[in-house]
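Chemist: I'd like to ask some things about the structure below.
The values are calculated or read from the model by the stated rules, or taken from the named source; none is laboratory data. Bear in mind that the values here come from a model prediction, so they are computed numbers and not experimental data. Because the Cβ atoms are built from the backbone with ideal geometry, glycine has one as well, and the counts that use them run over all protein chains shown.
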């Protein structure tokens, strides 16, 4: 507190007040950049993204989204791999052509570090040409790798009534592409439940909720190394 003692005391008080103001201004002007510089020197680490491009088998068709294997995988990642997030860009009914048409926009939007490509089942069910399916999958792989993302290619198989040539060629598409581009490969998404009729909904195509943890665990074996 300033003490008043006549004219000279008042003048002295004004000088002390002015000196104090100069000190405050000095602190205000020169302290702020130091704080900003400290904040900039330790930015928050951005989460890395896992992007899933799939069809109804990955979109939890007939179930709530939280019941699907992708959501269950996201839960596991949240508990065991801090710093990762999962984006499920799967669409029911999607073909490899649809995935190839969407891949660039999804890569641009999410900038993933890992991309899971789980498409082809609808191509096979429609009997689409094998070369067409392979070319679409190849486009997706190359687009992801061009952005430095790791790729997990998840394969599918067709029932034998499609004929041995088509069935064999369909399955080989995945292994050939994985070898050619050095991607991780899960040969058959539904392998753990393929022969269990009770694992499927009434359409005999889409897994029930109780089967989804088995698919999560199956995919995890191939996916987990890519998250390290």
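Chemist: Just one of 162, 166, 181, 200 is under 23 Å from the mean Cα position of the chain (by Cα) and without any contact (Cβ under 8 Å) to a residue 60 or more places away in the chain; which is it?
Modeler: Unique residue meeting the criteria: 181.
Chemist: Please determine, by comparing only the residues of region 43-62 that are in contact with a strand residue (DSSP E or B) (Cβ under 6 Å, 6 or more places away or on another chain), surrounded by fewer than 23 Cβ atoms within 10 Å (Cβ to Cβ) and at pLDDT 95 or above, which one is farthest from residue 203 (Cα to Cα).
Modeler: 48
Chemist: Now for a different question. Quickly run through region 63-88 and pick out the residues that are in contact (Cβ under 8 Å) with a residue 60 or more places away in the chain and more than 16 Å from residue 209 (Cβ to Cβ).
Modeler: 76, 77, 81, 84, listed by residue number.
Chemist: Within region 144-152, identify whether any single residue is buried (at least 19 other Cβ atoms within 10 Å of the Cβ), free of Cβ contacts under 8 Å to residues at least 40 places away in the same chain and either more than 18 Å from residue 99 (Cα to Cα) or assigned by TED's automatic domain parsing to the domain that holds residue 78 (or both), and answer yes or no.
Modeler: Taking every residue of region 144-152 in turn, at least one turns out to be buried (at least 19 other Cβ atoms within 10 Å of the Cβ), free of Cβ contacts under 8 Å to residues at least 40 places away in the same chain and either more than 18 Å from residue 99 (Cα to Cα) or assigned by TED's automatic domain parsing to the domain that holds residue 78 (or both).
Chemist: Could you please tell me which pairs satisfy a Cβ distance under 6 Å, a separation of 6+ or placement on different chains, a first residue in region 92-117 that is at positive phi, and a second residue that is not in a helix (DSSP H, G or I)?
Modeler: As it stands, the answer is none, since no pair meets every condition given.
Chemist: When only residues in region 115-124 that are more than 18 Å from residue 74 (Cα to Cα) and touching a helix residue (DSSP H, G or I) at 6+ places or on another chain (Cβ under 9 Å) count, which is surrounded by the fewest Cβ atoms within 10 Å (Cβ to Cβ)?
Modeler: 122
Chemist: Evaluate the following for residue 193: is it free of Cβ contacts under 8 Å to residues at least 60 places away in the same chain, in contact with a strand residue (DSSP E or B) (Cβ under 9 Å, 6 or more places away or on another chain) and within 24 Å of residue 64 (Cβ to Cβ)?
Modeler: Judged against the criteria, residue 193 is a match.
Chemist: Here is a follow-up. Which residue out of 202, 222 is modelled with pLDDT of 95 or more and either part of a helix (DSSP H, G or I) or touching a strand residue (DSSP E or B) at 6+ places or on another chain (Cβ under 7 Å) (or both)?
Modeler: None of the others qualify; the one that does is 222.
Chemist: Oh, and also: I'd like to know if region 127-138 contains one or more residues that are within 19 Å of the chain's Cα centre (by Cα) and surrounded by 17 or more Cβ atoms within 10 Å (Cβ to Cβ).
Modeler: Within region 127-138, one or more residues are within 19 Å of the chain's Cα centre (by Cα) and surrounded by 17 or more Cβ atoms within 10 Å (Cβ to Cβ).
Chemist: Let me ask you something else. Hey, among 112, 65, 82, which residue is modelled with pLDDT of 95 or more and either exposed (fewer than 15 other Cβ atoms within 10 Å of the Cβ) or not assigned by TED's automatic domain parsing to the domain that holds residue 182 (or both)?
Modeler: 65
Chemist: Let me ask something else. Report, by residue number, each residue of region 139-153 that is under 12 Å from residue 117 (Cβ atoms) and out of contact with any strand residue (DSSP E or B) (no Cβ under 6 Å at 6 or more places or on another chain).
Modeler: Those that are under 12 Å from residue 117 (Cβ atoms) and out of contact with any strand residue (DSSP E or B) (no Cβ under 6 Å at 6 or more places or on another chain): 139, 142, 143, 145.
Chemist: Kindly indicate which of 136, 122, 161, 173 is out of contact with any strand residue (DSSP E or B) (no Cβ under 7 Å at 6 or more places or on another chain), at pLDDT below 95 and either over 17 Å from residue 53 (Cα atoms) or not in a loop (DSSP other than H, G, I, E, B) (or both).
Modeler: Step by step, each of 136, 122, 161, 173 is checked, and only 161 is out of contact with any strand residue (DSSP E or B) (no Cβ under 7 Å at 6 or more places or on another chain), at pLDDT below 95 and either over 17 Å from residue 53 (Cα atoms) or not in a loop (DSSP other than H, G, I, E, B) (or both).
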